[in-house]
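**Student:** Take a look at this one; I'll ask things after.
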């Protein structure tokens, strides 16, 4: 029998809040129920916003909450060489291309297009899709710009990628917290356009790092918030391209604030440290998140 493996993978760029508590505790609960493993991954590829201070606070919050995890903890910032090797493969196979347009140039390109009466497509988060101009650049010009230290990011050529994998992509999604039934979900990576998979100075992105890590850590079940449901389409495409195993997914409900919006680190919503300082117990937190 295959040992089920779950993971909680926060980014240390702010204080943990009730939404993180729910996700961590749900992963732990499901692992315990099914006799599985619980891993902790630190997703800290953003070396500017992620700090040792935030990580220390996060670990203290999780220990207080009673979220136990296996050692060692995987820190993404320690594995750039692994991600870089995967990126090199995508470059060799011409599945990514350097994208040089600045935010201002993107806005100008889209504004010009919309002046001509064309509504510019947007991704599921409402962000305009990246224009196709850089994809048509001759190889000689691409290399020259890179040699000249022009800022750029590596973007996935979704059209080339789906041509390689075939368009019939899907993933297995559990229907509720009991993990008792699944249904197939059609993956629609094209809805995101040519997403960033790495930057010039950091050889990875969230999408690339997460599929590599899930494969290396043999994650069988990805249990995370509903806000990442649509992003799974991009990750399924990358898994298929790279020949990586496919976990089963459950995108759980979000814990919302009193005003009905998603909790946010940046707004310091319902932080666990603040709740602890106010006298709340781990049992109080479990009740607050419905566990």
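The values are calculated or read from the model by the stated rules, or taken from the named source; none is laboratory data. Please read all numbers here as calculations on a predicted model, not as lab measurements. Here Cβ is always computed from backbone atoms with ideal geometry, including for glycine, and neighbour counts include all displayed protein chains.
**Student:** In the range 56-92, which residue that is part of a helix (DSSP H, G or I) and touching a strand residue (DSSP E or B) at 6+ places or on another chain (Cβ under 6 Å) is nearest to residue 6 (Cα to Cα)?
**Tutor:** 87
**Student:** Please determine whether any residue of the range 30-47 is part of a helix (DSSP H, G or I) and either in contact with a strand residue (DSSP E or B) (Cβ under 6 Å, 6 or more places away or on another chain) or touching a residue at least 24 places away in the same chain (Cβ under 8 Å) (or both).
**Tutor:** Yes, the conditions are met somewhere in the range 30-47.
**Student:** Determine if the range 101-110 includes at least one residue that is over 19 Å from the mean Cα position of the chain (by Cα), part of a helix (DSSP H, G or I), surrounded by fewer than 16 Cβ atoms within 10 Å (Cβ to Cβ) and touching a residue at least 60 places away in the same chain (Cβ under 8 Å). Spell out how you get there, then give the answer.
**Tutor:** Taking the range 101-110 as the starting set, the residues that turn out to be over 19 Å from the mean Cα position of the chain (by Cα) are 101-110.
So of that shortlist, the ones also part of a helix (DSSP H, G or I) come out as 103-110.
From what's left, surrounded by fewer than 16 Cβ atoms within 10 Å (Cβ to Cβ): 103-105, 107-108.
Checking the rest, the ones that are also touching a residue at least 60 places away in the same chain (Cβ under 8 Å) come to none.
No.
**Student:** Which one of 285, 185, 223 is modelled with pLDDT of 95 or more and more than 17 Å from residue 28 (Cα to Cα)? It would help to see each step written out before you state the result.
**Tutor:** On the way: 285 fails: more than 17 Å from residue 28 (Cα to Cα); 223 fails: more than 17 Å from residue 28 (Cα to Cα).
Matching residue, one of 285, 185, 223: 185.
**Student:** Before we move on, is residue 86 exposed (fewer than 15 other Cβ atoms within 10 Å of the Cβ) and either more than 21 Å from residue 213 (Cα to Cα) or outside the structural domain of residue 8 (by TED's automatic domain parsing) (or both)?
**Tutor:** It is false that residue 86 is exposed (fewer than 15 other Cβ atoms within 10 Å of the Cβ) and either more than 21 Å from residue 213 (Cα to Cα) or outside the structural domain of residue 8 (by TED's automatic domain parsing) (or both).
**Student:** Which of the residues belonging to the range 30-57 are at pLDDT 95 or above and touching a helix residue (DSSP H, G or I) at 6+ places or on another chain (Cβ under 8 Å)?
**Tutor:** 36, 37, 38, 40, 41, 42, 43, 44, 45, 50, 57
**Student:** Moving on to the next point. Just checking: which of the strands (runs of 3 or more DSSP E) contained wholly in the range 172-291 hold 2 or more residues that are buried (at least 17 other Cβ atoms within 10 Å of the Cβ)? If you could, list the steps in order and put the result at the bottom.
**Tutor:** On the way: elements: 182-186, 196-199, 221-225, 248-252.
Fully inside the range 172-291 and qualifying: 196-199, 221-225, 248-252.
**Student:** If residue 280 satisfies all but one of (1) in the same structural domain as residue 14 (by TED's automatic domain parsing); (2) touching a strand residue (DSSP E or B) at 6+ places or on another chain (Cβ under 6 Å), what's the number of the condition it fails?
**Tutor:** If we test residue 280 against (1) in the same structural domain as residue 14 (by TED's automatic domain parsing); (2) touching a strand residue (DSSP E or B) at 6+ places or on another chain (Cβ under 6 Å), just (2) comes out false.
**Student:** Here's a follow-up. Between a first residue in the range 123-147 that is surrounded by 12 or more Cβ atoms within 10 Å (Cβ to Cβ) and a second residue that is outside any loop (DSSP other than H, G, I, E, B) and modelled with pLDDT under 95, which pairs have beta carbons less than 6 Å apart while being 6 or more apart in sequence or on different chains?
**Tutor:** 128/110; 131/109
**Student:** Also: Residue under question is residue 155, and the condition is that it be touching a strand residue (DSSP E or B) at 6+ places or on another chain (Cβ under 9 Å), under 15 Å from residue 93 (Cβ atoms), touching a residue at least 40 places away in the same chain (Cβ under 8 Å) and surrounded by 15 or more Cβ atoms within 10 Å (Cβ to Cβ); does it hold?
**Tutor:** Yes.
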